[in-house]
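The values are calculated or read from the model by the stated rules, or taken from the named source; none is laboratory data. Note that the structure is a prediction, hence the values are computed from the model and not measured. Cβ: placed from backbone, ideal geometry, glycine included. Neighbour counts: every protein chain shown. These accessible areas exclude ligands, DNA and RNA; they are computed on the full protein's heavy atoms, side chains included. Shrake-Rupley method; radii C 1.70, N 1.55, O 1.52, S 1.80 Å.
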Amino acid sequence: MRSDTSIPLDTQNNGLTIPQIGLGVFGPENSATADVVAAALEMGYRSIDTAAIYENEAGVGEGIRRSGLPREQIHVTTKLWNDGHGYDRALAAFDRSLRELKLDYVDLYLIHWPVPSQNMYVETWRALEKNLAGGRALSIGVSNFQPDHLENLLAQCSTGPVVNQVELHPEFQNERVRSFNTNHNILTQAWSPLGRGRVFGNPVLEGIAQKHSKTVAQVVIRWHIQLGNAVIPKSITPARLAENLDVFDFALDKQDMEAINGLENGERTGFDPDVFA
Ligand code: NAD
């Protein structure tokens, strides 16, 4: 993708790029999705993260059209839900998502969860490879994959994922998955990068925020960026949307990074991918 804003891009293992900060749109406010997406694009966001299960792909597409921006300047991610595993079902689910979005292609299509109990993610991945070959998904990746799921894909398929989108925030740093991704040149994209709000009120983060005259959200997003994670914080409030992008004029020092690394407590906000669904 091309970007005309100041949000830095990460280069994926297929040579294509993805903005380091995107907008997450999961939540109960789907009637507002088109407005939020259009407002975010207006203020400089160039990447939107949706999913079939969010039931707001139509609103995302509408917000994109309303922005008036050229399609190639916007990075769109959507995801295959757990009932879409299996080769034929995955192809049909992808068609449905493009129809909802009213787009000819997505920049990134992800398997949302590995669902090991179904044991079909390799077959599903082959459908994603077909979408990639057909040019309707410019890149393909996964979400919530653990190292053994990734190892199976890498051993059995010709194309590897460009991104693994996983839960990651100061209280749950997912280090084993993050280092597996890094060692295999897969970009880690953090979902719930603010721990779904858990980061707020933490005295360590508040101290670091005060030191840099920044907010806790900005400190945590900056921590992700310095670790090499892409992030997709969610907000529907214009001031917060702007705040979450404003993280490129300061840097955390070694002491700050270590203090945040020390906040790990192993507590997820979401499901365990080894057992979910
Ligand atoms: P998040 O960590 O982004 O936190 C969102 C919460 O923080 C909201 O309550 C929001 O109002 C608040 N917030 C955001 N910016 C703020 C600011 N500057 N100041 C104060 N409060 C602020 O959590 P999330 O929404 O769970 O995750 C973000 C995105 O990740 C989702 O929208 C979705 O796109 C994606 N996601 C993916 C998966 C997956 O399985 N792949 C799972 C969950 C979420």
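Couple of notes before you dig in:
- Each residue of the stretch 5-10 is assigned a 3J(HN,Hα), and the resulting list reads 10, 8, 6, x, 10, 9 Hz, derived from the Karplus form 6.51 cos²θ - 1.76 cosθ + 1.60 (θ = phi - 60°), x at Gly and Pro.
- Length added when fully stretched, Arg268-Arg196, from 0.36 nm per residue minus Cα-Cα: 24.9 nm
- Using a Förster distance of 41 Å, the FRET efficiency for Ala155-Gln226 (Cβ separation, nearest 0.05): 0.80
- For the stretch 1-80, with all protein chains in place and a probe radius of 1.4 Å, 51% of the accessible heavy-atom surface sits on carbon or sulfur.
- In the context of the full set of protein chains, residues of the chain present 41 Å² of accessible surface per residue (probe radius 1.4 Å, heavy atoms only).
- Computed from backbone phi, the HN-Hα couplings of the stretch 34-49 come to 4, 5, 5, 5, 4, 5, 5, 5, 4, 8, x, 4, 10, 9, 10, 10 Hz, rounded to whole numbers (Karplus: 6.51 cos²θ - 1.76 cosθ + 1.60, θ = phi - 60°; Gly and Pro given as x).
- Gyration tensor (alpha-carbon) shape descriptor, the chain, a/c threshold 1.5: oblate
- Each Lys and Arg contributes +1 and each Asp and Glu -1, all at the Cβ; summed about the Cα centre of the chain, the dipole is approximately 400 debye.
- Within the stretch 223-262: backbone nitrogen closer than 11 Å to the Glu29 label point (7 Å, Cα to C-beta): 234-241
- Farthest toward positive dipole pole in the chain [+1 Lys/Arg, -1 Asp/Glu at C-beta], among Trp125, Ala51, Gly15: Gly15
- When the listed pairs Lys211/Lys234; Lys130/Lys234; Lys79/Lys254 are checked against a 28 Å cut-off, the alpha-carbon distance exceeds it for Lys130/Lys234; Lys79/Lys254.
- Cα-based shape type of the stretch 49-202, given that a ≥ b ≥ c are square roots of the gyration tensor eigenvalues and the cut on a/c is 1.5: oblate
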